[in-house]
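Right, one structure below, let's go through it.
Read the figures in this text as sums done on the coordinates, not as results from a lab. Computed from a predicted model, the values in this text were never measured in an experiment. A quick note on method: Cβ atoms are made from the backbone with ideal geometry, for glycine too, and the neighbour counts reach across all protein chains shown.
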Amino acid sequence: MSTEQHKTESAADSAVLAVVASAITAVQQDTGYGSIEITIHDGRVTQIERREKVRFDHQTKSKK
C-alpha cells in the first residue's frame, strides 16, 4: 500500500468517524430515557438504533 493511498484511506476513515459521531450525538440529544444500539458489520457501522422509554406517573386516589 502506498503512502498516498494510506493517507486517502485515513482521511476517509476520519470523515466516516466524524459522521458516525455526529449521528450518535444527535440521537443521544433527542433521547430522554432509553438506549442507543450501534450495529457493526465487517468493522463498519451499518446502523444506529434508538429505543426510547416513555414513563407515566400515575397518581392513584386514595379511598377513605
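Worth pointing out:
- Shown is the FRET efficiency for Ala21 and Glu52, computed with R0 = 25 Å from the Cβ-Cβ distance and rounded to the nearest 0.05: 0.80.
- Ordering of 36-45, 51-60 by burial proxy (mean other Cβ atoms within 10 Å per residue, highest first): 36-45, 51-60
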